[in-house]
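In what follows, a structure is listed as structure tokens, so that the remarks can point back to it.
The values are calculated or read from the model by the stated rules, or taken from the named source; none is laboratory data. The shown structure was predicted, so the numbers you read here are calculated from the model rather than taken from an experiment. Here the Cβ is made from the backbone with ideal geometry for all residues, glycine too, and neighbour counts use every protein chain on show.
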Amino acid sequence: MAFYQPEIPDTQNDSCDLPWKDFVQNNQTLVFYMGLVGLPIISRQLIEHGMAPDMPVALVSKGTTPEQHVVTGTLETIVSRVDAEQVRAPTLVIIGQVVSLRDKLDWVAGLPGGSL
């Protein structure tokens, strides 16, 4: 597992200076703090550097608060899914097969009212 807080991406040049090749490893879980703005770049760069486009991704907005909202998808679909749901910061972006365990580990859904 690796945690990153990327610098604000250079949206004009559509880039973010990170060691993308190092991120693409078997059984790797990546977590990006404050990755909402850079999500299109993160997704594209990981695919371009060899990560499978169908790699599971979860974006958690306002985690551990009553306003917590989770959007899941794949590297290929997450940007459009997040745009459609108008997600707001702060966020964590989680990338890896661990995201496929979300339904089994969703302890918030078991709380009274299904939320914090």
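Which strands (runs of 3 or more DSSP E) does segment 37-116 wholly contain that include 3 or more residues that are in contact with a Ser or Thr (Cβ under 8 Å, 6 or more places away or on another chain) and at pLDDT 95 or above?
56-61
Looking only at residues in segment 65-76 that are touching a strand residue (DSSP E or B) at 6+ places or on another chain (Cβ under 8 Å) and surrounded by fewer than 15 Cβ atoms within 10 Å (Cβ to Cβ), which one is nearest to Asp54 (Cα to Cα)? So that I can check it myself, show each step before the final result.
Going residue by residue through segment 65-76, those that are touching a strand residue (DSSP E or B) at 6+ places or on another chain (Cβ under 8 Å) are 67-75.
Within this subset, residues satisfying the condition of being surrounded by fewer than 15 Cβ atoms within 10 Å (Cβ to Cβ) are 67-68.
Values: Glu67: 28, Gln68: 25 Å.
The residue in question is Gln68.
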Within segment 22-31, is there a residue that is surrounded by 19 or more Cβ atoms within 10 Å (Cβ to Cβ) and more than 20 Å from Ala2 (Cβ to Cβ)?
-> no
Enumeration of residues in segment 46-73 that are closer than 22 Å to Pro19 by Cβ and of a type in the set (Val, Ile, Thr) | Ile47, Val57
